[in-house]
Amino acid sequence: QVQLVESGGGLVQPGGSLRLSCAASGTIFSIASMGWYRQAPGKQRELVAAITSGGSTNYADSVKGRFTISRDNAKITVNLQMNSLKPEDTAVYYCNAEARPTRWERQHDYWGQGTQVTVSS
C-alpha cells in the first residue's frame, strides 16, 4: 500500500512562512494527483492545493497568490510553500495522493497523518 509522511508544520507568526513536505513510499504503480487538504477545529476538511503528474495545479481561492505547490515525480514528494500566513490558515494539514498500488488495482485516495500549522502572535 501507499504511505504518506508529512513534515514541516509548526508555529509561525502572522505574515510568516512555512514549507510542508510529503513523501510517498510503499507499493506504488502510479500517482495521478498529490495535494494538501486542511481541517480547522469545527470545520470540514477542505482542499488547499493539488498538482497532477503533469504539473497542472489547483488552489483554493483563499490561498491563491500566497501558497505554492510543487511536486517531484522522481522522488515522489509534494511540497507546499506557504507565505504571508494568516491566523485563519491555522489547521491540521493533510497530504493526499490519488494512487494505484499495482496495475491491477483501481485508484484509491491515500492520506498522511496530518501536521499542525498554527499561525499566531
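Total residues in the range 71-103 satisfying the condition of being within 14 Å of Ser33 (Cβ to Cβ), open to solvent by 50 Å² or more (accessible area, probe 1.4 Å) and not in a strand (DSSP E or B): the figure is 1. With respect to being touching a strand residue (DSSP E or B) at 6+ places or on another chain (Cβ under 8 Å), more than 26 Å from Ser120 (Cα to Cα) and not in a strand (DSSP E or B), Ile28 fits the description.
When the range 53-67 is filtered for residues that are open to solvent by 50 Å² or more (accessible area, probe 1.4 Å) and at pLDDT below 95, the ones remaining, listed by number, are Ser53, Gly54.
Hey, could you check the range 31-52 for residues that are part of a loop (DSSP other than H, G, I, E, B) and not basic (Lys, Arg) and say which is most open to solvent (accessible area, probe 1.4 Å)? Restricting to residues being part of a loop (DSSP other than H, G, I, E, B) and not basic (Lys, Arg), the top hit is Gln44.
The values are calculated or read from the model by the stated rules, or taken from the named source; none is laboratory data. Just so we're clear, the structure is a prediction, and the values are computed from it rather than from any experiment. Ideal geometry is used to build each Cβ from the backbone, glycine not excepted, and the neighbour counts take in all protein chains shown. To get the accessible areas, we keep the full protein, side chains included, count just its heavy atoms, and leave off ligands, DNA and RNA. Shrake-Rupley method; radii C 1.70, N 1.55, O 1.52, S 1.80 Å.
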